[in-house]
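Reviewing the structure listed below.
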Amino acid sequence: MNNPQPQRKATSATKGMCVHWIVLLSVVVAASMLVFNCYFIWHTSENELRSLSSNYFNHHLSTKQESSHHEEVDSDQELNITSILQRAGVDIPPNKSIPSFQDFTSQYGSKPIMHNLNSCSTFRSSVPVSQRMMGVAGLFNSGTNYLGSLLDENCKIPGRSFDDDELYPFREQVPWGKHNPPRSHRLINRAGREGAITWSMNHSQVLPVVVIKDPFHWTVSNCRHEYFLWDHDDDHCPRVTLELNDEEAEVGEPPKPNSFNIAFPKEKKHYISLIHLWNSWNLEYEQQSTLYPIVYIRFEDLLLHTEHVIGSLCKCMGGDLHDSTNFYYLEESAKGYSDVHSGANGFLESLIRYGNPVKRLEGWTYNDWKYAMDHVDERLMKKFGYRFPSWD
């Protein structure tokens, strides 16, 4: 009689092998599906990231191209100094020497320059008209008070009340402080002069308008109104460089920069010279234009093309001038008469000072001029249409 035991053992072994291979095959299939799904998710995400990266790069590229573009804005206002003063209602004293057309164009060109105006539409589309605000920013002594006063007196926005302090549309400064470097101060409310209302303000509802001033005139302005401490005196101001001793001068050593520190509310910064302060502060704001809407104007255009510039800023906010036939100029100093501002110029005196090319280098030494010419940011000078002064 045959024994079936070995056959049953063989059958069991065969079944066990089949189960083993089935399990192994299932694991392989499951692993393959897992690998495929992971690859699919990675591939899809990679394409999305590549698309986002491309859009981000294209945005920054177009922004950089725009921000480096020299925007000379067409203005119907003829650059005639006498007619500007007459329109402003300013009487010209017989003993005053008024700068010529050539005096101004030799420093600033003949047309107003405004940058990043395309960000106005971005701002308007993202902020409801009932919540839009424009805040002034700029280096010390760049005409920020003057700009704020002109906007306040001349701009209107339909449907907006000027009685609401919290959402007042044209503010004397950005909520993080008009003179503060934006990278370390934006999103931190520091506008003390506007009181506690700034502490709850939404910064995305405020469009910064940054005013820049010719660096050569700007350094001299700091001699008249001192906001920070740097080594200088009445005999040598603005003192961009330190005087060389006889031995240093004899061997032809280059001028040494006059460095200093400024303690801002949220950081202390070291600057190699006044020229480096002008470069650094304005370049930092320029870099911010890739992050949020910002508009840039020149102080000098607030003197030469006042109505055009202020009208453009009103329109940027979705508003207009109160009365285009009766523009409000400011003859008295917009800074008032506090200690720091006691020497501030009115409209007539500002036109005379900033129209005079000689005043650009008032108090400068040859070494100051040479150092500034070597270190001032040439691209910023070109972008804002500032001509380089010569040493005669």
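The values are calculated or read from the model by the stated rules, or taken from the named source; none is laboratory data. Not measured: the values here are computed from a predicted model. All Cβ positions, glycine included, derive from the backbone under ideal geometry; neighbour counts span all protein chains shown. What goes into the accessible areas is simple: the full protein's heavy atoms, side chains included, and nothing from ligands, DNA or RNA. Shrake-Rupley method; radii C 1.70, N 1.55, O 1.52, S 1.80 Å.
If you go through the stretch 351-392 and pick out every residue that is touching a residue at least 12 places away in the same chain (Cβ under 8 Å), more than 25 Å from the chain's Cα centre (by Cα) and not in a helix (DSSP H, G or I), you end up with 6. When the stretch 302-331 is limited to residues that are crowded, with 18+ Cβ neighbours inside 10 Å and β-branched (Val, Ile, Thr), the one that is nearest to GLN131 (Cα to Cα) turns out to be ILE310. Per the conditions (1) touching a strand residue (DSSP E or B) at 6+ places or on another chain (Cβ under 8 Å); (2) open to solvent by 10 Å² or more (accessible area, probe 1.4 Å), the sole criterion not satisfied by SER130 is (1).
When GLU153 is tested against (1) surrounded by 17 or more Cβ atoms within 10 Å (Cβ to Cβ); (2) in contact with a Phe, Trp or Tyr (Cβ under 8 Å, 6 or more places away or on another chain); (3) not in a strand (DSSP E or B), just one condition goes unmet, and that condition is (1). None of ASP103, ASP164 is modelled with pLDDT of 90 or more, over 19 Å from TYR296 (Cβ atoms) and among the acidic types (Asp, Glu) except ASP103. Taking the stated definitions as given, is PHE123 open to solvent by less than 10 Å² (accessible area, probe 1.4 Å) and aromatic (Phe, Trp, Tyr)? Considered against the rule, which asks whether it is open to solvent by less than 10 Å² (accessible area, probe 1.4 Å) and aromatic (Phe, Trp, Tyr), PHE123 comes out as yes. Residue check: is TYR285 touching a strand residue (DSSP E or B) at 6+ places or on another chain (Cβ under 8 Å), closer than 18 Å to MET114 by Cβ and part of a strand (DSSP E or B)? No; evaluated as a whole, the condition is false for this residue. Being modelled with pLDDT under 90 and open to solvent by less than 30 Å² (accessible area, probe 1.4 Å), is that true of even one residue in the stretch 199-219? Within the stretch 199-219, one or more residues are modelled with pLDDT under 90 and open to solvent by less than 30 Å² (accessible area, probe 1.4 Å). Please verify whether the stretch 173-186 includes one or more residues that are within 30 Å of GLU349 (Cβ to Cβ), open to solvent by 20 Å² or more (accessible area, probe 1.4 Å) and modelled with pLDDT under 80. The answer is no, given that none of the residues of the stretch 173-186 is within 30 Å of GLU349 (Cβ to Cβ), open to solvent by 20 Å² or more (accessible area, probe 1.4 Å) and modelled with pLDDT under 80. Looking across the stretch 318-333, the residues that are modelled with pLDDT of 85 or more and of a type in the set (Ser, Thr, Tyr) come down to TYR328, TYR329.
Open to solvent by less than 10 Å² (accessible area, probe 1.4 Å) and within 16 Å of the chain's Cα centre (by Cα): which single residue out of ILE294, ILE275 fits that description?
Values: ILE275 fails: within 16 Å of the chain's Cα centre (by Cα).
None of the others qualify; the one that does is ILE294.
Only one of the listed residues (ASN141, ASN80) is among the polar types (S, T, N, Q), under 27 Å from TYR386 (Cβ atoms) and touching a residue at least 24 places away in the same chain (Cβ under 8 Å). That residue is ASN141.
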